[in-house]
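The values are calculated or read from the model by the stated rules, or taken from the named source; none is laboratory data. Predicted, not measured: the structure shown is a model, and the values here were computed from it. With ideal geometry, Cβ positions are generated from the backbone for all residues, glycine too; neighbour counts draw on all protein chains shown. Keep in mind that these areas ignore ligands, DNA and RNA; they rest on the heavy atoms of the full protein, side chains included. Shrake-Rupley method; radii C 1.70, N 1.55, O 1.52, S 1.80 Å.
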Amino acid sequence: MADRIERLITILRERRVIPWLIGYAAVSWGLAEATGFAVDNYDVSRRLLDVVVFLIIVFFPAMLILVWYHGEKGRQQVGRIEAILLMALAAVAIGGSFQIATRAQSTGQAAAQTEFGSAPVVDLGDGSVAVLPFRNSIDDPTLDWLDRGVSELIATHLAQLESLRVVSGQRLFDIMRQEGLDDTVEIPSGHEARITRQAGARFMLTGAVYGRTGDLTMTATLADSRTGEISASANARGPDVFALVDQISAEMSSQITGQPRGATQLTSVAQMTTTSLEAFREFQLGIQATERYETREAADRFRTAVAIDSAFALAHFRLGLVLTGMADLTGAAVHFERARAHLTTASERDRLFIEGMIHLLDGETEEGDETLRELVTKYPDEKQARVQFAAILGARRGTNDPEARQLLEEILQLDPTYGNGYNVLAYSYAGEGDYETADSLLQLYLEVAPNEPNPYDSRGEMLESAQRHEEAREMYREALAVRENFSPSLMHLGRSFLTSGEPARGREEISAYAESDIPEIQVEAEIQIGDSYLHEGEVDAAMEHYQQALDAALVSGESDLPTMPMYKLMGMNLYMHRFREAARVASLIREIQPLADYPIAVGFDSLGVQGNIPALEALKEEVEARYAADRRLQPLAPNISLSMEAWIAHWRGDHERVIEIAEERNRLNGLRLMHFVPELPALIALGRPEKILELVQEFREPNILERDARFPPLRNRYLQYWEARAYEEMGQAAEAIQVYRMLLDEFGDAVGRFPMIADAPTRLAALQAQ
């Protein structure tokens, strides 16, 4: 064995393999470095570097073959085996280089850029800077967010200077995604200058944070993105991240603008965000959860942030947006009001977003539109505000509103890989019935975000709206396969079966999810099973599963999970006039949501059924006084007051006032009808039954933008009843008989358990006897 090793070493020495390996490595390294420099500094395509690296790898075995056969002194001929090997490697080199040099971008990216164009390279001028993620070298899991967190704080701090144009860190990551560099938490070394130039910034600010908790060191370097020349550097040391950010920002801004500026001459970043590092950490984690459509986690993170720092305006605002999506409008209003109260702690960018959205939520459309237009003009890379503004304009003016479309298309021109832009634009087209365009946009969304559940869920909603139920269900299943706790898709899956009149089939599939060990999926499955039983008139079975949903939610310990099962139980008891049971559940809801007025609502309905108008008016005054005295509830006061006034008018028999209030609140449409709203009997009393038929049609064919996430079985049965009443009022007995029969066949004896529709059998018998 030793002889063989010695002989091999002798052969390698004779053929000079080791010197050739060293030389090859040196040449390869130099060639790769030179190519990388060209790519980074002269906008040479990265594909050239990819080709060079590929050829280095391929030519390595070729070099070994040549050295092995020709490393000895003297003349040698090329043998057959050697020639075959070299020709094969040459073919690989030529073919591979061609493939790399001409390869297309990823399907989704290429399609997106074909549709909307690549993001333009702009020059933001001398006073522009891109703040890149800082390198985080601190060995503390609680500070693992500082890489992006510090850069966002510095960007926020610098943005208060009107002479500076600051490129957000998110914009840089958008560009990375466009170039296929996604799935990373930092900008790869060697790409910083090129990505900064692509974003239009003249300077790039990089840095690092190291040390330990309580003794941190922050360093920063400012470089010209065109030449790579370092313009300035700074470092700061201390225990407070915010103070270090203030110091670094002041030094860097002085270099960019040429005007000396101390840290105290700028508003402290803590005054524009939060004074708590822990609150900012929770806020950052909440933003990340929002981007992943982890709504409940986002709500928990934002709640924690505002619990730590009650003056954190942006966290209150973000929590309000999340709660709005979770249908907790009372909680949302509270946090929007707190955001408004602490606007002085927000940067201009955040302040404009908060002010604009709150104006719109308060019904001040002109002021809200003006403020959001100012925001997107000053900060064109503010994507979330554009999406929110576009969605609001579309809902208010119609899905094909030109301004809303322009806002969305500009987003996609800025970032062709921004999935939510495709998502909202697709819903816009689907809302006007253009399912082909909507589907093509959602296919792009799927391609740019293949590992997210929401693209599948959105495409499912579009297919369901187009009555393609089986394809829609497959999309919902795909979403749940991508993320098994994505409860919106479970809601939509159950809805698709009820919409198509297949409750038993839906129950069979949904039952498997009730065995999930994920609390939110288990709870949602039990609710869906309850809805399927209620759709068939099995009231007791429905109540049993709603109770099982509540039990599972309470066991989970998740604070928001019990709310929906409680709503279901309270509503069922309320509609059956079981006011004591309804009040008991309403009290449980109030324990979770202290500001909720459901116990008062139950008492209000109870008095109305008794016809006690003086007590109703006294209760209305009591509630209005409470809302006026509580600043948190004041934004909700007008809506609550009108609602109570409408019900009092209903029980008094003042049908004209009921309709007047309904039109004032823009509620007279099929999508906003509650289970037994007073508008329907008022329309009958006023001789307007044709309006009821119009509302029923709207409910059965809802616009995709306003459709309920869950199918409401009881509301469907109430509308069947009022549809029959409308036909009856119009003298169309045959049509009325048909609808009454359908109601009784599908809902059975359950009709008698709900007082509002309990006379359906009597009315049917009377019509048949004519």
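Beta carbons closer than 9 Å, at least 6 apart along the sequence or on distinct chains, pair a first residue in region 725-747 that is more than 19 Å from Glu538 (Cβ to Cβ) with a second that is open to solvent by 60 Å² or more (accessible area, probe 1.4 Å) and small (Gly, Ala, Ser) for Tyr727/Ala734.
Take Leu607 and tell me if it is out of contact with any Lys or Arg (no Cβ under 7 Å at 6 or more places or on another chain) and either modelled with pLDDT under 80 or surrounded by fewer than 16 Cβ atoms within 10 Å (Cβ to Cβ) (or both).
On the way: out of contact with any Lys or Arg (no Cβ under 7 Å at 6 or more places or on another chain): yes; either modelled with pLDDT under 80 or surrounded by fewer than 16 Cβ atoms within 10 Å (Cβ to Cβ) (or both): no.
No; evaluated as a whole, the condition is false for this residue.
Across region 661-710, which residue is modelled with the lowest pLDDT among those that are touching a His at 6+ places or on another chain (Cβ under 6 Å) and surrounded by 15 or more Cβ atoms within 10 Å (Cβ to Cβ)?
First, the residues of region 661-710 that are touching a His at 6+ places or on another chain (Cβ under 6 Å): 678, 682, 685-686.
With the extra rule that they be surrounded by 15 or more Cβ atoms within 10 Å (Cβ to Cβ), the set shrinks to 678, 682, 685.
Working: Pro678: 81, Ala682: 92, Ala685: 93.
For region 661-710, the residue satisfying everything is Pro678.
For region 424-440, state whether one or more residues are modelled with pLDDT of 90 or more, within 30 Å of Thr377 (Cβ to Cβ) and touching a Pro at 6+ places or on another chain (Cβ under 7 Å). No, there is no match, as no residue in region 424-440 is modelled with pLDDT of 90 or more, within 30 Å of Thr377 (Cβ to Cβ) and touching a Pro at 6+ places or on another chain (Cβ under 7 Å).
Residue-by-condition table, conditions (1) of a type in the set (A, V, I, L, M, F, W, C); (2) in contact with a Cys (Cβ under 6 Å, 6 or more places away or on another chain); (3) over 17 Å from His492 (Cβ atoms):
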| residue | (1), (2), (3) |
| --- | --- |
| Glu409 | no, no, yes |
| Tyr422 | no, no, yes |
| Ala426 | yes, no, no |
| Tyr429 | no, no, yes |
| Gly433 | no, no, yes |
| Ala438 | yes, no, no |
| Leu442 | yes, no, no |
| Leu446 | yes, no, no |
| Ala449 | yes, no, yes |
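Taking into account only those residues within region 444-463 that are touching a residue at least 40 places away in the same chain (Cβ under 8 Å) and assigned to a helix (DSSP H, G or I), which is most open to solvent (accessible area, probe 1.4 Å)? Once the filter is applied, the top-ranked residue is Glu447.
Looking at region 346-440, what helices (runs of 4 or more DSSP H) fall wholly within it and have at least 1 residues that are open to solvent by less than 50 Å² (accessible area, probe 1.4 Å) and among the charged types (D, E, K, R)?
Numbers: elements: 348-361, 365-378, 383-397, 402-414, 419-431.
Hits in region 346-440: 348-361, 365-378, 383-397, 402-414.
A single entry from Ser465, Ser428 fulfils the requirement of being of a type in the set (S, T, N, Q) and under 17 Å from the mean Cα position of the chain (by Cα): Ser428. Trp651 satisfies every condition listed in (1) at pLDDT below 85; (2) open to solvent by 40 Å² or more (accessible area, probe 1.4 Å); (3) of a type in the set (A, V, I, L, M, F, W, C); (4) in a helix (DSSP H, G or I) except (1). Every condition in (1) at pLDDT 85 or above; (2) within 23 Å of Tyr427 (Cβ to Cβ); (3) not acidic (Asp, Glu) holds for Ala315 except the one numbered (2).
Looking across region 495-525 at every residue that is over 22 Å from the mean Cα position of the chain (by Cα) and either hydroxyl-bearing (Ser, Thr, Tyr) or under 20 Å from Pro455 (Cβ atoms) (or both), the one that is least open to solvent (accessible area, probe 1.4 Å) is identified as Ser496. Within region 301-317, the set of residues being in contact (Cβ under 8 Å) with a residue 12 or more places away in the chain and open to solvent by 40 Å² or more (accessible area, probe 1.4 Å) comprises Arg301, Arg303, Thr304, Ile308, Ser310.
Can you tell me which residues in region 470-504 are in a loop (DSSP other than H, G, I, E, B), without any contact (Cβ under 8 Å) to a residue 24 or more places away in the chain and of a type outside the set (Asp, Glu)? It would help to see each step written out before you state the result.
Quick first cut of region 470-504, residues in a loop (DSSP other than H, G, I, E, B) only: 483-486, 500-502.
Still in the list and also without any contact (Cβ under 8 Å) to a residue 24 or more places away in the chain: 501-502.
The one that is in a loop (DSSP other than H, G, I, E, B), without any contact (Cβ under 8 Å) to a residue 24 or more places away in the chain and of a type outside the set (Asp, Glu): Gly501.
Whether a residue is modelled with pLDDT of 95 or more, open to solvent by less than 60 Å² (accessible area, probe 1.4 Å), touching a helix residue (DSSP H, G or I) at 6+ places or on another chain (Cβ under 6 Å) and not aromatic (Phe, Trp, Tyr) was assessed, and Gln528 passes this test. Against the list (1) under 40 Å from the mean Cα position of the chain (by Cα); (2) crowded, with 16+ Cβ neighbours inside 10 Å, the condition Ala625 fails is (2).
On the basis of being more than 18 Å from Pro681 (Cα to Cα) and in contact (Cβ under 8 Å) with a residue 60 or more places away in the chain, does Glu706 make the cut? Quick ask: steps written out before the conclusion?
Details: more than 18 Å from Pro681 (Cα to Cα): yes; in contact (Cβ under 8 Å) with a residue 60 or more places away in the chain: yes.
Yes.
In region 396-423, what residues are in contact with a Leu (Cβ under 7 Å, 6 or more places away or on another chain) and modelled with pLDDT under 80?
Thr399, Tyr418
The lone criterion from (1) of a type in the set (D, E, K, R); (2) surrounded by 15 or more Cβ atoms within 10 Å (Cβ to Cβ); (3) at pLDDT 85 or above; (4) over 18 Å from Arg652 (Cβ atoms) left unmet by Arg580 is number (2).
Look at region 612-623: where a residue is touching a residue at least 24 places away in the same chain (Cβ under 8 Å) and a partner is part of a helix (DSSP H, G or I) and open to solvent by 80 Å² or more (accessible area, probe 1.4 Å), sitting 6+ places away or on another chain with Cβ atoms under 8 Å, you get Ile613/Arg652.
Pairing residues of region 590-607 that are closer than 17 Å to Arg632 by Cα and of a type outside the set (A, V, I, L, M, F, W, C) with residues that are at pLDDT below 75 and part of a helix (DSSP H, G or I), at Cβ distances under 9 Å and at least 6 apart in sequence or on separate chains, gives Arg590/Tyr598; Arg590/Pro599; Gln593/Thr330; Asp597/Thr330.
Suppose the filter is open to solvent by less than 70 Å² (accessible area, probe 1.4 Å), at pLDDT below 75 and farther than 23 Å from Leu444 by Cβ; does Gly96 pass it? Can you show your working first?
Working: open to solvent by less than 70 Å² (accessible area, probe 1.4 Å): yes; at pLDDT below 75: yes; farther than 23 Å from Leu444 by Cβ: yes.
Criteria met by Gly96.
Look at region 713-724: where a residue is farther than 21 Å from Gly687 by Cβ and a partner is among the acidic types (Asp, Glu), sitting 6+ places away or on another chain with Cβ atoms under 6 Å, you get Pro713/Asp531.
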